[in-house]
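The values are calculated or read from the model by the stated rules, or taken from the named source; none is laboratory data. Small disclaimer: the values here were computed from a predicted structure and weren't measured. No Cβ is skipped: glycine too gets one built from the backbone with ideal geometry, and neighbour counts run over all protein chains shown. Side chains included, ligands, DNA and RNA excluded: accessible areas come from the protein's heavy atoms. Shrake-Rupley method; radii C 1.70, N 1.55, O 1.52, S 1.80 Å.
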Amino acid sequence: MSADAPANGRADPEAALDRLIELGAVTEDDDGALSTTAAFENDRRIYRDTYDYMGREGVADTVADLFGVDRSEAFDLLDAGEVTTEDVVAYLAVRSFADEPLDTAEHAMMAELLVRIGPDTPVPEAIEAVEDDAYEAFLDEHPDAVVTVWKHHCDPCEAMKREIDDILAAVPDGVAVVGVDGDEAGAFRREFDVGAAPAVLCFQDGTLEALETGRKRPTELATLFATIYGESA
C-alpha cells in the first residue's frame, strides 16, 4: 500500500515478488510476463465483491483497523488516494491466501505489487474494453451502444467468446460495442443492476432498453438488436 502506516519501511519489491511466486499467487512466464493465478484471483474476488457492496464506509472501517488510525484519518487516506479499495482488497486477499503470518512491510509490498499484477482482461480481443471509470464517458459519446460484461472462470462467457464474430456481425450499423470486466467494474454493475455474467446491455439514446444475462447465441442477440435498434441505427 502507498500509505505510511507500516512502520518498518518499504520492503524489497523483488523479494516480495519472489514470495508471491513461492506462495503460488503469481506466475512468471519464460518471457518475464507476470500474472496472478486463478487460485489467488478466487480469493481476491471474494474480497472485491464484499467491498463493492460495503462501499466507502466499509473500506474506511477496514483501513482504520489495519493501520490503527481513527475513522476520520482513514477517510483522509482514501480521499488523498494514499490508500484505495484495490489496495485493501489485495492486502486482505494475500493475507488469506498465504494462510500464514506475513512481515508487515513485506505484506504491504506484496499488496502493492498485486494491485498492478492481474490476469488478462476477460473481455474478448475483438471488443474494446473500458474500465469502471470510463463507461460514463463512453455512453455519453455513444448513446446507441451495446455494453457487454465478462468475467474470468466463467464457462458461459467462454462459450459466447467462441461466437463473438457472429455476435458482432449482428450489431446494426451505428451502434457502438464495448466490454467491461465484471470483476473490476463494480460501479457499472451497481448502477445497472448487473448480477451475472455474461451480460448484454442495450442502450438507445443513452437509455438502457434491455439487459440480458447468461449465454446468448448470435441468433438470439440478432433478434434483440433488431427489436431495440431496427435493422440499422
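The helices (runs of 4 or more DSSP H) found wholly in segment 35-103 and carrying at least 2 residues that are under 22 Å from Val194 (Cα atoms) and not small (Gly, Ala, Ser) occupy 38-67, 85-98. A residue that is touching a Ser or Thr at 6+ places or on another chain (Cβ under 7 Å) and either under 18 Å from Val130 (Cβ atoms) or not β-branched (Val, Ile, Thr) (or both) occurs somewhere in segment 180-191. Of all residues in segment 181-193, those that are acidic (Asp, Glu) have Cβ atoms under 8 Å from Cβ atoms of residues that are surrounded by fewer than 19 Cβ atoms within 10 Å (Cβ to Cβ) and modelled with pLDDT of 95 or more, 6 or more apart or on another chain, in Asp193/Leu211. Filtered by the rule that a residue be touching a residue at least 24 places away in the same chain (Cβ under 8 Å) and farther than 15 Å from Glu86 by Cβ, segment 35-52 gives Ser35, Ala38, Ala39, Asn42.
For every residue, the table says whether it meets (1) touching a residue at least 60 places away in the same chain (Cβ under 8 Å); (2) more than 19 Å from the chain's Cα centre (by Cα).
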position	(1), (2)
Ala196	no, no
Phe203	yes, yes
Leu211	no, yes
Gly214	no, no
Gly230	no, yes
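With respect to (1) open to solvent by less than 50 Å² (accessible area, probe 1.4 Å); (2) free of Cβ contacts under 8 Å to residues at least 24 places away in the same chain; (3) assigned to a helix (DSSP H, G or I); (4) of a type outside the set (A, V, I, L, M, F, W, C), the lone exception for Gly32 is condition (3).
For segment 214-233, name all the residues that are in contact with a strand residue (DSSP E or B) (Cβ under 9 Å, 6 or more places away or on another chain) and open to solvent by less than 60 Å² (accessible area, probe 1.4 Å). I'd like the intermediate steps shown before the answer.
So the first thing to find is which residues in segment 214-233 are in contact with a strand residue (DSSP E or B) (Cβ under 9 Å, 6 or more places away or on another chain), and the list is 214, 216, 220-221, 224-225, 227-229, 233.
Selection gives Gly214, Lys216, Leu221, Leu224, Phe225, Ile228, Tyr229.
Just so you know, in segment 162-173 the residues that are open to solvent by 50 Å² or more (accessible area, probe 1.4 Å) and touching a Pro at 6+ places or on another chain (Cβ under 8 Å) include one that is nearest to Arg45 (Cα to Cα), and it is Asp166. The listed residues are Tyr47, Tyr53, and the only one of them that is under 26 Å from Lys151 (Cβ atoms), under 22 Å from the mean Cα position of the chain (by Cα) and loosely packed, with under 13 Cβ neighbours inside 10 Å turns out to be Tyr53.
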